[in-house]
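Okay, structure first, notes after.
The values are calculated or read from the model by the stated rules, or taken from the named source; none is laboratory data. Quantities reported herein were computed from a predicted structural model and do not represent experimental measurements. Glycine gets a Cβ as well: all are built from the backbone with ideal geometry, and neighbour counts include every protein chain shown. Each accessible area value is taken on the protein alone, full model and side chains, heavy atoms only, with ligands, DNA and RNA left out. Shrake-Rupley method; radii C 1.70, N 1.55, O 1.52, S 1.80 Å.
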Amino acid sequence: MTKLSVNINKIATLRNARGGETPSVTEAAIKIQEFGGQGITIHPRPDERHITRKDVYDLKPLVTTEFNIEGNPHQHFIDMVLDVKPEQVTLVPDADDAITSNAGWDTKKHLDYLTEIIAEFKNAGIRTSIFLDPLPELVEYAAKTGTDRIELYTEAYAKNYVSNKELAIKPYYDTAVVANEFGIGINAGHDLSLENLKYFSDTIPNLLEVSIGHALISEALYMGLENTVQAYLKRLAKW
């Protein structure tokens, strides 16, 4: 079964809009795990507009499933991840002022850079994943970096799902096939939702994990957090 890792950035965004500690990022992480979530994902950014450095350290002892920290591997990010030692680090090439992640790595162009950083994380016992557009030709270079996994950037799939889901998923399927050939694990995330998740998880071979934040937290406003987490787990179930 594909694991569900819940991105709690939006909880932090809501908290920071008012100040104080409500809603609590740490309490949300605890509850999500109690409700069946199999991982907690955060994406701290340099301006701390949602997840703060303090959040990262506060969450570490509370995440009993899988802690996944995403981000652009600037030196301050690298140092923090090496200090916290999450189960997984996902490298994302987003600009500091980006509203949200909007592109994957050019693994050919940045091969040497990624190889050096990934070696540092792996030497510390941290599983690595590279955020990647659905381009099969980039998988070979991802493999050369030594990464354990790739995370397929699924915005294009989500955008085109309603109009033509078969066409929308084809580049993702093709990329996943190549990743399987190279023995690279496959994660996925960005704009996956209750509407489009099941078809994606049923179609992509050996999909290990999805990281879902915006849609899940938004849907929880109507359905409640426990019901929403359970609904996502049902979408990922293979029976």
Inset, instruction - With a cut-off of at least 1 residues that are open to solvent by 60 Å² or more (accessible area, probe 1.4 Å) and closer than 30 Å to PHE200 by Cα, name the helices (runs of 4 or more DSSP H) lying wholly within the stretch 1-89. - result: 9-18, 25-34
Inset, instruction - Return a yes/no flag: does the stretch 110-129 have any residue that is closer than 22 Å to ALA215 by Cβ and touching a helix residue (DSSP H, G or I) at 6+ places or on another chain (Cβ under 7 Å). - result: no
Legend entry - Meets criteria (in a loop (DSSP other than H, G, I, E, B), within 13 Å of the chain's Cα centre (by Cα) and either of a type in the set (A, V, I, L, M) or farther than 16 Å from ASN68 by Cα (or both)) for ASP106: no
Legend entry - Checklist (1) farther than 30 Å from TYR57 by Cα; (2) in a loop (DSSP other than H, G, I, E, B); (3) in contact with a helix residue (DSSP H, G or I) (Cβ under 8 Å, 6 or more places away or on another chain) applied to TYR157, failing item: (2)
Inset, instruction - Of the conditions (1) farther than 16 Å from LEU135 by Cα; (2) open to solvent by 40 Å² or more (accessible area, probe 1.4 Å); (3) within 17 Å of the chain's Cα centre (by Cα); (4) of a type in the set (Gly, Ala, Ser), ALA156 clears all except one; give me its number. - result: (1)
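Here is a check on your reading of the model: is ALA142 among the hydrophobic types (A, V, I, L, M, F, W, C) and over 19 Å from GLY183 (Cβ atoms)?
Criteria not met by ALA142.
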Inset, instruction - Have a look at ASP202, ASP148 and point out the one that is touching a strand residue (DSSP E or B) at 6+ places or on another chain (Cβ under 6 Å) and surrounded by fewer than 21 Cβ atoms within 10 Å (Cβ to Cβ). - result: ASP148
Inset, instruction - Could you tell me which residue of the stretch 214-239 is farthest from the chain's Cα centre (by Cα), considering only residues that are open to solvent by less than 20 Å² (accessible area, probe 1.4 Å) and β-branched (Val, Ile, Thr)? - result: THR228
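I'd like the full set of residues that are in a helix (DSSP H, G or I) and in contact (Cβ under 8 Å) with a residue 12 or more places away in the chain, limited to the stretch 109-136.
Once the filter is applied, which keeps residues that are in a helix (DSSP H, G or I) and in contact (Cβ under 8 Å) with a residue 12 or more places away in the chain, the stretch 109-136 yields LEU111, LEU114, THR115, ILE117, ILE118, ALA119, GLU120, PHE121, LYS122, PRO136.
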Inset, instruction - Residue by residue through the stretch 10-20, note down the ones that are farther than 16 Å from LEU216 by Cβ and either at pLDDT 95 or above or hydrophobic (A, V, I, L, M, F, W, C) (or both). - result: ARG15, ASN16, ALA17
Inset, instruction - Out of GLY189, GLY125, report the one residue that is open to solvent by less than 50 Å² (accessible area, probe 1.4 Å), of a type in the set (Gly, Ala, Ser) and closer than 30 Å to ASP83 by Cβ. - result: GLY189
